[in-house]
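Enquirer: The structure is given below, and queries will be raised subsequently.
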Amino acid sequence: MDRDLVERARHGDREAFAVLVHQVSDSLYSVAYRILRDTGLAEDALQNALILAWRRLPKLRDPDRFEAWIHRILVHACYDESQRARSWRSTVRVLPVDEPSGFDEHARVADRDELEGAFRKLTLEQRAVFVLHHYVGLPLVEVAELLEIPAGTARSRLHYALAGLRVALLRDAPPVQEGRLA
């Protein structure tokens, strides 16, 4: 990240902030989507995070930590958006969808849907740690710092996220017969 660009944005340069947003928005959206598992919620969380970042940018102490700082704002915006969505979801009734008939030749789609279902079973906090560690590639110590939680809590959330994914994916897996691979 260009330190000069961050400094200019800190001092109110809207064009510099627009360039910064252009540089990080795809990555931020990917993180928000992986945490929230919904495109609309991810877009709303990203927009709210960018508005907050613009307002709080003059208070950023270390311009070299801009990316970690904006990721922290984004994760908190994801938490807020999830709370808003949860209160809205309680009034919406999900209708069953007819299952497709016949053989589904798109196994990748089925695998992706299975993984999506497994991710939805994780808590928001577990998803946040998992995404920041495995998708963004941050060490757990930095994830803990970014989320403002103890390092042990980050390790615990990651452990339970992995265990939850493993259980959800193995529960739905077809049994393997002796002598035959499925």
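Enquirer: Give the number of residues within the range 34-56 that are under 19 Å from His134 (Cβ atoms) and surrounded by fewer than 19 Cβ atoms within 10 Å (Cβ to Cβ).
Expert: 1
Enquirer: Could you list all residues from the range 27-41 that are touching a helix residue (DSSP H, G or I) at 6+ places or on another chain (Cβ under 8 Å) and either of a type outside the set (D, E, K, R) or touching a residue at least 60 places away in the same chain (Cβ under 8 Å) (or both)?
Expert: Scanning the range 27-41 gives Leu28, Tyr29, Ser30, Val31, Ala32, Tyr33, Arg34, Ile35, Leu36, Arg37, Thr39, Leu41.
Enquirer: Something else: Which residue out of Ala18, Ala53 is within 22 Å of Leu124 (Cβ to Cβ) and not assigned by TED's automatic domain parsing to the domain that holds Gln126?
Expert: Exactly one of Ala18, Ala53 is within 22 Å of Leu124 (Cβ to Cβ) and not assigned by TED's automatic domain parsing to the domain that holds Gln126, namely Ala53.
Enquirer: List pairs: first residue in the range 153-171 and over 16 Å from Arg34 (Cβ atoms) and at pLDDT below 95, second residue acidic (Asp, Glu) and assigned to a helix (DSSP H, G or I) anywhere in the structure, Cβ distance under 7 angstrom, at least six positions apart or on different chains.
Expert: From the range 153-171, the pairs are Leu169/Glu114.
Enquirer: Quickly run through the range 2-26 and pick out the residues that are touching a residue at least 40 places away in the same chain (Cβ under 8 Å) and either on the phi < 0 side of the Ramachandran plot or not in a loop (DSSP other than H, G, I, E, B) (or both).
Expert: Within the range 2-26, Arg3, Val6, Glu7, Ala9, Arg10, His11, Phe17, Leu20, Val24 qualify.
Enquirer: Modelled with pLDDT under 95, charged (D, E, K, R) and within 13 Å of the chain's Cα centre (by Cα) - does that describe any residue in the range 106-117?
Expert: yes
The values are calculated or read from the model by the stated rules, or taken from the named source; none is laboratory data. Since the structure is predicted, the reported quantities are computational estimates derived from the model, not experimental observations. Virtual Cβ from ideal backbone geometry, glycine too; neighbours counted across all protein chains shown.
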